[in-house]
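**Q** Here's a structure for you.
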Amino acid sequence: MDMTRNLLVELFVEELPPKALKTLGEAFAEGIAEGLARRQLRGAHRDWTAFASPRRLAVHVPGVAAQAADRVERVKLMPVAVGLAADGAPTQALLKKLAALGADASAVPGLAREADGPSTGPKAGKAEVLYLERAVRGATLADGLQAALDEALARLPIPKVMQYQLADGWTSVNFVRPAHGLVALHGADVVPVRALGLEAGRQTRGHRFEALVDPVMLQDADHYARQLDEQGAVIASFGARHGEIVRQLNAAAGRLGLTVIDDAALQDEVTALVERPNVLACRFDEAFLEVPQECLILTMKVNQKYFPLLDAEGRLSNHFLVVANIRPDDASRVVEGNERVVRPRLADAKFFFDQDRRKPLAARVAALDKVVYHGKLGTLGERVQRMRAIAEAIARQLGGDAAGASAGRAALLAKADLTTDMVGEFPELQGIMGGYYARHDGETEAVAFAIEDHYKPRFAGDALPREATGVALALADKLETLAGMFGIGQQPTGDKDPFALRRHALGVLRLLTERNLALPLNGLVGEAFAAFARGMLGDAQADVETFVFERFAGLLREQGYSAQEVDAVLCMRPQRIDLVPRQLAAVRAFAALPEAASLAAANKRIANILKKSDAGAPVAVDETLLREDAERHLHGAMTVAQPFADALFDKGEYAASLRELAVLKEPVDLFFDQVMVNADDAALRTNRLALLGALHAAMNRVADLSRLA
């Protein structure tokens, strides 16, 4: 008889939390499959299939043995000197250790001896150690599965544990939801395991209302998904159910000539809410389209789990899709019910929108003085004034006084929508609603766009603000947060970053590089700290700059630059962040030159010489003290090449500037071959160090080339 068969384990429960279902299903399946592999009941390959529906977690594991193979276990006992007397007789310590392992003195002659430690090196030849080798019977499937099941359940990433009582009325169980059934089938045979007060069988349940058979008696492990589908009206696989939902959504939208809104999280959540998906098309009153579409989309998705539909221009239509969990012959009553339910939700959104517009944003600013922003940083009103000062300063640098005034107005109104009913109901709409209300109040388009955009970029890949006013305000918002939080000692630690300071730093970097802003970083950070009242913050400006450069290094490596290239540029602490991409491109182009390796090595050597020398402030090279041909040749080559390289650098042509210096390879090599830098004559030594200092400064304007060595 073949002892290796496929295994099916299912836990049947009450409706699981939808946002956690996918993760719970994967963790349950992986926990059982890997628990069996650890007990040698199956191979280590990842070939199991996870199932997860609103009312079940299950896994199908192929090739599971009824019993693991016997194996030889090697147990380390103690050093020979401790375990055996001089005459070879066992000591009491050894006999006691053997007894604890279920063996006796008869095992002593068969004990293995082995040197404990490496055979070579400083720790070689350590004392010999005694080992007991014994045959261990392989675990049975019943025992191995029981242990794997217990481990898998204990390690489930349960968001919130429930406590409930079993049928006996007094035994309490803790789990994510009350469990009502357990299946464990090895081929067609039930494996006698227990969990959560349940004994395993072959019986499960299908759809609450549409199952053709109840209960479903599972034939064997391999017919699980098929029987649930055909007899239980349930698509057990999360992935298969998700695919079916997406297929039906696209087909229904296509019939209406519309497009489904793209929302992977909503698709996953709905997949976790239904066992037998049935997509139905519904509609709402067109009058509601007067409300900003972001509000309608959010209320439909968040409150109702509906899928809004967009037209070819990306505008919201008055059609939406519902994923029902039933498939009646006549779905009209289901459609009517959903259309009836969505109406008050949309009416609420319209009411909030109408009410909010009765009070202009400017009249809401004073209310921010009553909202605490942070115990050590004052109110939101104070934060707005700081943002205003920073935004005006940035905008004036970029576009003069008119730009400064526009940014100041946008900053003053930027947080006012936090006091509106709409943002109170849907915090995700902050900024977006401010933009709508600003237009209604007659503010300029630049101000409205800036209010709407100033949180951007909110995540990796997010769009940047569309206009200059929005760029200045977005920078001000992020810089004020960084300065304030670092200034009161609230830096991120480990993986904890409650104020999203890493995201704010990356936002600043993206704005400076992608918008090509000629704003020095230290100046920006200085403006941010200057906006706070004297004595409110500690001296943390350097810490903020270091933090930003650390984020920049990570961002550039993600963009494909090597750690060496990034280090060569950023170790110089370039304040013009917008120029760094061009500096990196120049470094990459330089590294491809045939002279690069030699010049980088020479650069490193020069840096080491200058570091070790006790030379004070750099002095000019005295040509009369250039005695050797090699040093005169190097000085002459520098005198010719440096003006060209400097002119190209000043024009921002960094790659060409470095290429101009490549001609120094031969004179530099000759200099190190023929000239003793640390000459006995102090004047000669100082002059040669001055020559190397000048060379080092000339070569490292774009990047520290020694980092490429």
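**Q** I'm trying to understand the selection: among the residues of the stretch 129-162, which are part of a loop (DSSP other than H, G, I, E, B) and without any contact (Cβ under 8 Å) to a residue 60 or more places away in the chain?
**A** Val161
**Q** Which condition breaks for Ala52 when tested against (1) of a type in the set (Gly, Ala, Ser); (2) open to solvent by 40 Å² or more (accessible area, probe 1.4 Å); (3) assigned to a strand (DSSP E or B)?
**A** (2)
**Q** Another question, then. For the subset of the stretch 1-49 comprising residues that are open to solvent by 40 Å² or more (accessible area, probe 1.4 Å) and part of a strand (DSSP E or B), which member is nearest to Val234 (Cα to Cα)?
**A** Thr49
**Q** Quick one: which of Val279, Val341, Val334, Val302 is among the aliphatic types (A, V, I, L, M) and crowded, with 21+ Cβ neighbours inside 10 Å? Let's see the steps before the verdict.
**A** On the way: Val341 fails: crowded, with 21+ Cβ neighbours inside 10 Å; Val334 fails: crowded, with 21+ Cβ neighbours inside 10 Å; Val302 fails: crowded, with 21+ Cβ neighbours inside 10 Å.
After applying the criteria, what remains is Val279.
**Q** Output the number of the condition that Arg576 fails; it satisfies all remaining conditions of (1) farther than 15 Å from Leu689 by Cβ; (2) among the basic types (Lys, Arg); (3) crowded, with 16+ Cβ neighbours inside 10 Å.
**A** If we test Arg576 against (1) farther than 15 Å from Leu689 by Cβ; (2) among the basic types (Lys, Arg); (3) crowded, with 16+ Cβ neighbours inside 10 Å, just (3) comes out false.
**Q** Do you know which residues across the stretch 64-110 are in a helix (DSSP H, G or I) and of a type in the set (D, E, K, R)?
**A** Correct list: Lys96, Lys97.
**Q** Within the stretch 370-428, take every residue that is of a type in the set (Val, Ile, Thr) and without any contact (Cβ under 8 Å) to a residue 24 or more places away in the chain and give me the one that is nearest to Glu480 (Cα to Cα).
**A** Thr379
**Q** Another question, then. Considering only residues that are within 13 Å of Ser613 (Cα to Cα), open to solvent by 10 Å² or more (accessible area, probe 1.4 Å) and outside any loop (DSSP other than H, G, I, E, B), which ones fall in the stretch 665-687?
**A** Listed by number, the residues that qualify are Ala682, Arg685, Thr686.
**Q** Sticking with this one: Can you tell which of Leu509, Leu537 is open to solvent by less than 50 Å² (accessible area, probe 1.4 Å) and under 23 Å from Glu653 (Cα atoms)?
**A** Just a single option satisfies the conditions, and that option is Leu509.
Table: residues versus (1) closer than 14 Å to Ala474 by Cα; (2) open to solvent by 30 Å² or more (accessible area, probe 1.4 Å).
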residue	(1), (2)
Gln385	no, yes
Ala411	yes, no
Met422	no, no
Glu445	no, yes
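**Q** Evaluate the following for Ala252: is it in contact (Cβ under 8 Å) with a residue 60 or more places away in the chain, over 26 Å from Arg55 (Cα atoms), crowded, with 17+ Cβ neighbours inside 10 Å and not polar (S, T, N, Q)?
**A** Details: in contact (Cβ under 8 Å) with a residue 60 or more places away in the chain: yes; over 26 Å from Arg55 (Cα atoms): yes; crowded, with 17+ Cβ neighbours inside 10 Å: yes; not polar (S, T, N, Q): yes.
Taking the combined requirement at face value, the residue satisfies it.
Listed here are the residues, each with its yes/no results for (1) surrounded by fewer than 16 Cβ atoms within 10 Å (Cβ to Cβ); (2) touching a strand residue (DSSP E or B) at 6+ places or on another chain (Cβ under 8 Å).
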| position | (1), (2) |
| --- | --- |
| Leu156 | no, no |
| Gly169 | yes, no |
| Ala179 | no, yes |
| Glu199 | yes, yes |
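**Q** Does Arg205 satisfy the condition of being open to solvent by less than 20 Å² (accessible area, probe 1.4 Å), of a type in the set (Lys, Arg) and at pLDDT 95 or above? Break it down stepwise before answering.
**A** Details: open to solvent by less than 20 Å² (accessible area, probe 1.4 Å): no; of a type in the set (Lys, Arg): yes; at pLDDT 95 or above: yes.
Criteria not met by Arg205.
**Q** Ok, one more. Conditions: (1) more than 30 Å from Val72 (Cβ to Cβ); (2) touching a residue at least 60 places away in the same chain (Cβ under 8 Å); (3) not small (Gly, Ala, Ser). Gln165 meets all but one. Number of the miss?
**A** (2)
**Q** Restricting to the stretch 512-533, name every residue that is open to solvent by less than 40 Å² (accessible area, probe 1.4 Å) and either of a type outside the set (A, V, I, L, M, F, W, C) or touching a strand residue (DSSP E or B) at 6+ places or on another chain (Cβ under 6 Å) (or both).
**A** The initial filter retains those residues of the stretch 512-533 that are open to solvent by less than 40 Å² (accessible area, probe 1.4 Å), namely 512-513, 517, 519, 521, 523-526, 528-529, 531-532.
Hits for the stretch 512-533 are Thr513, Gly523, Gly526.
**Q** Inspect the stretch 426-436 for any residue being open to solvent by 10 Å² or more (accessible area, probe 1.4 Å), in a helix (DSSP H, G or I), closer than 26 Å to Ala528 by Cα and among the hydroxyl-bearing types (Ser, Thr, Tyr) and give the result as yes or no.
**A** No: zero hits.
**Q** Being small (Gly, Ala, Ser) and modelled with pLDDT of 90 or more narrows it down to one of Ala115, Ala167, Ala184, Ala127, so name that one. Step through it out loud before you land on a result.
**A** Details: Ala115 fails: modelled with pLDDT of 90 or more; Ala167 fails: modelled with pLDDT of 90 or more; Ala127 fails: modelled with pLDDT of 90 or more.
Selected residue: Ala184, the only one of Ala115, Ala167, Ala184, Ala127 that is small (Gly, Ala, Ser) and modelled with pLDDT of 90 or more.
**Q** Still on this model: Considering only residues that are outside any helix (DSSP H, G or I) and aliphatic (A, V, I, L, M), look in the stretch 486-532 and name the one that is farthest from Leu579 (Cα to Cα).
**A** If we take residues in the stretch 486-532 being outside any helix (DSSP H, G or I) and aliphatic (A, V, I, L, M), then Ile488 is farthest from Leu579 (Cα to Cα).
**Q** Tell me, please, whether a residue that is touching a residue at least 40 places away in the same chain (Cβ under 8 Å), touching a Phe, Trp or Tyr at 6+ places or on another chain (Cβ under 6 Å) and either farther than 30 Å from Glu286 by Cβ or open to solvent by 30 Å² or more (accessible area, probe 1.4 Å) (or both) can be found in the stretch 356-365.
**A** No, that holds for no residue.
**Q** Give me the pairs: first residue in the stretch 580-593 and part of a helix (DSSP H, G or I), second residue open to solvent by 40 Å² or more (accessible area, probe 1.4 Å) and modelled with pLDDT of 90 or more, beta-carbon distance under 6 Å, and six or more apart or on different chains, which are they?
**A** So the pair list comes out as Leu584/Tyr561.
**Q** Next question, about the same structure. Is it the case that some residue within the stretch 526-534 is of a type in the set (A, V, I, L, M) and over 21 Å from Gln397 (Cβ atoms)?
**A** Taking every residue of the stretch 526-534 in turn, at least one turns out to be of a type in the set (A, V, I, L, M) and over 21 Å from Gln397 (Cβ atoms).
**Q** Name the single residue, out of those in the stretch 692-707 being within 24 Å of Ala630 (Cβ to Cβ) and among the aliphatic types (A, V, I, L, M), that is surrounded by the most Cβ atoms within 10 Å (Cβ to Cβ).
**A** Leu692
**Q** Condition first: among the acidic types (Asp, Glu), assigned to a helix (DSSP H, G or I) and under 47 Å from the mean Cα position of the chain (by Cα). Now tell me which residues in the stretch 627-664 satisfy that.
**A** Asp646, Asp650, Glu660
The values are calculated or read from the model by the stated rules, or taken from the named source; none is laboratory data. Quick caveat: nothing in here was measured; it's all calculated off a predicted structure. For neighbour counting, all protein chains shown are included, and Cβ atoms are generated from backbone atoms with ideal geometry for every residue, glycine included. Accessible surface areas use protein heavy atoms only, side chains included; no ligands, DNA or RNA. Shrake-Rupley method; radii C 1.70, N 1.55, O 1.52, S 1.80 Å.
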